[in-house]
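The values are calculated or read from the model by the stated rules, or taken from the named source; none is laboratory data. Everything quoted here is computed from the prediction, not taken from an experiment. Positions of Cβ are backbone-derived with ideal geometry, glycine not excepted, and every protein chain shown enters the neighbour counts.
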Protein chains: 2
Amino acid sequence: MKSEIIAVGTELLLGNIVNSNAQYLSQKLADLGIDVYYHVVVGDNFRRAVETVRNALERSDLVITTGGLGPTDDDLTKEAVAEALGLELVAHEPSIKRIEDFFRRIDRPMPESNRKQGYIPAGSMVLENDNGTAPGIAVEKNGKLVILLPGPPKELVPMFHEKVLPYLSKRTESMIQSRMLRIVGIGESMVQEMLRELFESQTNPTIAPYAKEGEVHLRITAKTRSEAEGKQLIDEMSEKVQAILKENIYGYDDETLEACVIKQLLQQKLTISVAESCTGGMIASRLTEVPGASGSFMNGAITYSNASKVKLLNVKEETLVRFGAVSEETAAEMAEGIRQLSGTDIGLSVTGIAGPDGGSEEKPVGLCFIGIATGSGVRTFKHIFMGNRNKIRYNASTRALDIVRRTILQ
Amino acid sequence: MKSEIIAVGTELLLGNIVNSNAQYLSQKLADLGIDVYYHVVVGDNFRRAVETVRNALERSDLVITTGGLGPTDDDLTKEAVAEALGLELVAHEPSIKRIEDFFRRIDRPMPESNRKQGYIPAGSMVLENDNGTAPGIAVEKNGKLVILLPGPPKELVPMFHEKVLPYLSKRTESMIQSRMLRIVGIGESMVQEMLRELFESQTNPTIAPYAKEGEVHLRITAKTRSEAEGKQLIDEMSEKVQAILKENIYGYDDETLEACVIKQLLQQKLTISVAESCTGGMIASRLTEVPGASGSFMNGAITYSNASKVKLLNVKEETLVRFGAVSEETAAEMAEGIRQLSGTDIGLSVTGIAGPDGGSEEKPVGLCFIGIATGSGVRTFKHIFMGNRNKIRYNASTRALDIVRRTILQ
């Protein structure tokens, strides 16, 4: 099956945003064994959009459009596809009702323009949008399939995953399956070196590493005719990799490090509290992003000022004066302090210099101390992270979460 | 001048990389006042590449290609452009010599295949590559200009900047400037409705809205012959928009909402502390992402459990029992509690149900109460946010930051 991805949006042609949707969809279509022959970006212009869709229909079997499904006059993808296919736009009452319900739930009047989002090309199928007002659409005519998806990745990705993927899977024969192994604590070149023999001998399944912020992901991909055969190939390779990388692998596929930590905590019936200085709430935010976090995460303190470290966490003034707020000693007292204050099994702390200001020769920007307090005492870890403020904060939060994970594993 | 950007490379169609070159070139062409009408990505296939270039030559005055200038058989952009233009490829001795010199400098034998990089379409101009072996090429025929650039951004960006920009600048007379107005508190369709008259009468400058997560961005773009003229047109339009949208505009260009709030706090010498339940540290994390936040942000508490709300924030047990943790009353006591605990001018609180579990008919997933305590008392706000857990948390944190902003403005 030949396919083509059309993004509609002047903001892409102005370079305001990068076409990440095309990359995402290309990866997913490749997994399905569907060849992508073209990406096209066209602006919010009716005539050019219609021509682009017509051109695509001539040379491709499957055309996926992204963007241009919003309520404004600039949003014209649906109109262009209907014109190119020679179909009328008709009201789809369930969609209009969903949009009305959406505005009722958020207690705002529905602007009249939003009604147009409930119109679809005659005979098409609606893909419900759980994250916005624009429904997606799948429409077939003359052996060609056109799928219209909303532009915002937060709407497009779940819609593709939940609605389009099952729909397309039924239509393809060769099967691509993959598993992502998620690795933390070692870098990409170390992974490459440790797995050298596997990399050199790979055929089917293949393995490929991806450097992510603070992590490495390793994709195992098998191409087979059956799900069972693919699963077996992947299981075998996964075991080989695990035997080498051991506890550096923390999870699979979409499991995040924070989800892994919450899972471990819940399984072991452990509670945690967090005292953050330079990470400023990022660790707490990542942990509480996990549904069910409230079963383990009890309390967080963002003690940005010295006064709050003393008042809330019982950090000794003397410690702050003698060793400074960014020190092993302060990290240790913060961890024990938040643990005592919250009455949790584990107390985690981070204190550091996120920059861009505040660094010195002795204590450079990026220097962070992480403390972890448990029933058996307090341990601290010193790190120097590279990059800008946000990268330092993120990598410090990743390291802190990994320390919790490894502590529980022991 | 109408232009089009063609990227040649199967790795883009497989989703291995994102087309960041198209974004970069689009921004640069927009700055030059050159309209970009299409981006196209085509794989390493001669026939399809030739057709793509032919199609582009029919509809565009300027065609820029990226990628496919390497030494391997897969690199066929030059061949495809020559075929589409009806030109022979001829040896360009200075380029061949440069490539030979390159290999001599790195002390490696030159593979025979690299010689092909020194061939160019007859009559074209070479753009020397200071960062790799593939020369860029500019070729004109029948009033059409085709520019071929190497794919790696490390080669493409300096080549564009040093060789192509001066070349194109001479050919264009007009100049594009733009300003982004950042709006929060009203949705895209409301912006469109409020600005309907401006939208309908726009010519130069133009205005275009972009829906962002929890915000709307409005781009004003002017096309003029001088920088001063453009600035004046943008200033005038900006004033008109401001007169209508008023305090819903919080910032310009790259200024984030959290940066705006920190700026306001610092200007007014106000301090803030935050007590978060459902947002779990996201507000604190967003605020402390801003360099210099420590001048205003003093303390944060993530009181996830009821016990911590009582112990740390002095929320009355009776309030929790009678009205529940997610209630106007609890939000108010949390805001005042964190303000007292931290001794700050402002205390901000959020309590809500982020889901996916924990909702009821009376208190659905997405229900959030935001409290703000100042010297003049406590106010609370009720909202119901839509979407998944993370979207609810993010939109609640945006609303809370906006409440701080509007409170300071008053």
Hey, can you tell me all the residues within segment A:30-47 that are touching a Gly at 6+ places or on another chain (Cβ under 9 Å) and part of a loop (DSSP other than H, G, I, E, B)?
A:G43, A:D44
The condition of being acidic (D, E), free of Cβ contacts under 8 Å to residues at least 40 places away in the same chain and within 14 Å of chain A (Cβ to nearest Cβ) holds, among B:E193, B:E155, B:E162, B:E215, only for B:E193
Contact list, first residue from segment B:8-27 and more than 7 Å from chain A (Cβ to nearest Cβ) and under 17 Å from A:P209 (Cα atoms), second anywhere and β-branched (V, I, T) and part of a loop (DSSP other than H, G, I, E, B), beta-carbon distance below 9 Å, six or more apart or interchain, is B:E11/B:I17
Taking B:G123, is it outside the structural domain of B:R405 (by TED's automatic domain parsing) and at positive phi?
yes
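Name every residue in segment A:51-67 that is out of contact with any strand residue (DSSP E or B) (no Cβ under 6 Å at 6 or more places or on another chain) and closer than 19 Å to A:A138 by Cβ, in order of residue number. Break it down into steps so the answer makes sense when it comes.
Here is the first cut: in segment A:51-67, the ones out of contact with any strand residue (DSSP E or B) (no Cβ under 6 Å at 6 or more places or on another chain) are A:51, A:53-55, A:58-59.
Once the filter is applied, which keeps residues that are out of contact with any strand residue (DSSP E or B) (no Cβ under 6 Å at 6 or more places or on another chain) and closer than 19 Å to A:A138 by Cβ, segment A:51-67 yields A:V53, A:R54.
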Residue list for segment A:283-306, filter: buried (at least 24 other Cβ atoms within 10 Å of the Cβ), within 24 Å of the chain's Cα centre (by Cα) and of a type in the set (S, T, N, Q)
A:S285, A:T288, A:S296
So, in segment B:314-343, exactly how many residues are buried (at least 24 other Cβ atoms within 10 Å of the Cβ) and of a type outside the set (A, V, I, L, M)?
5
Selected residue [over 26 Å from B:E247 (Cα atoms) and not aromatic (F, W, Y)] from B:R379, B:R393, B:R389:
B:R389
Pairs please, first residue from segment B:34-48 and on the phi < 0 side of the Ramachandran plot, second anywhere and surrounded by fewer than 22 Cβ atoms within 10 Å (Cβ to Cβ) and of a type in the set (K, R), Cβ atoms under 7 Å, 6+ apart in sequence or on different chains.
B:D35/B:K2; B:Y37/A:R48; B:Y37/B:K2; B:V42/B:R48
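Would you confirm, using the coordinates I've provided, whether A:M159 is within 29 Å of A:E58 (Cβ to Cβ), of a type in the set (A, V, I, L, M) and in the same structural domain as A:I17 (by TED's automatic domain parsing)? Steps first, answer last, please.
On the way: within 29 Å of A:E58 (Cβ to Cβ): yes; of a type in the set (A, V, I, L, M): yes; in the same structural domain as A:I17 (by TED's automatic domain parsing): yes.
For A:M159, the condition - within 29 Å of A:E58 (Cβ to Cβ), of a type in the set (A, V, I, L, M) and in the same structural domain as A:I17 (by TED's automatic domain parsing) - is met.
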Is there any pair with a first residue in segment B:279-292 that is on the phi > 0 side of the Ramachandran plot and facing chain A (nearest Cβ under 7 Å) and a second that is at pLDDT below 95 and surrounded by 24 or more Cβ atoms within 10 Å (Cβ to Cβ) whose Cβ atoms are under 7 Å apart and which are 6 or more apart or on different chains, and what are they?
B:G280/B:Y304
Would you please list the contacts, defined by Cβ atoms under 9 Å and residues six or more apart or on different chains, that run from a residue in segment A:104-115 that is more than 9 Å from every other protein chain (Cβ to nearest Cβ) to a residue that is exposed (fewer than 13 other Cβ atoms within 10 Å of the Cβ)?
A:R115/A:A91
Restricted to segment B:33-48 and to residues being more than 7 Å from chain A (Cβ to nearest Cβ) and at pLDDT 95 or above, the residue surrounded by the fewest Cβ atoms within 10 Å (Cβ to Cβ) is B:R47
Might you check whether a residue that is touching a residue at least 12 places away in the same chain (Cβ under 8 Å), under 24 Å from the mean Cα position of the chain (by Cα) and more than 20 Å from A:I302 (Cβ to Cβ) occurs anywhere in segment A:346-363?
no
Given the options A:I372, A:I392, A:I403, A:I338, name the one that is away from chain B (no Cβ under 14 Å) and either assigned to a helix (DSSP H, G or I) or free of Cβ contacts under 8 Å to residues at least 24 places away in the same chain (or both).
A:I403
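Taking helices (runs of 4 or more DSSP H) that fall entirely within segment B:221-331, which contain at least 3 residues that are modelled with pLDDT under 95? Show your work before the answer.
Working: elements: B:227-245, B:257-267, B:282-288, B:306-313, B:317-323.
Passing ranges, in order: B:227-245, B:306-313.
Tell me, which residue of segment B:62-97 that is of a type in the set (D, E, K, R) and in a loop (DSSP other than H, G, I, E, B) is surrounded by the most Cβ atoms within 10 Å (Cβ to Cβ)? Steps first, answer last, please.
Residues of segment B:62-97 of a type in the set (D, E, K, R): B:73-75, B:78-79, B:83, B:88, B:93, B:97.
From what is left, the residues that are in a loop (DSSP other than H, G, I, E, B) are B:73-75, B:88.
Working: B:D73: 9, B:D74: 13, B:D75: 21, B:E88: 10.
Per the criteria, the residue is B:D75.
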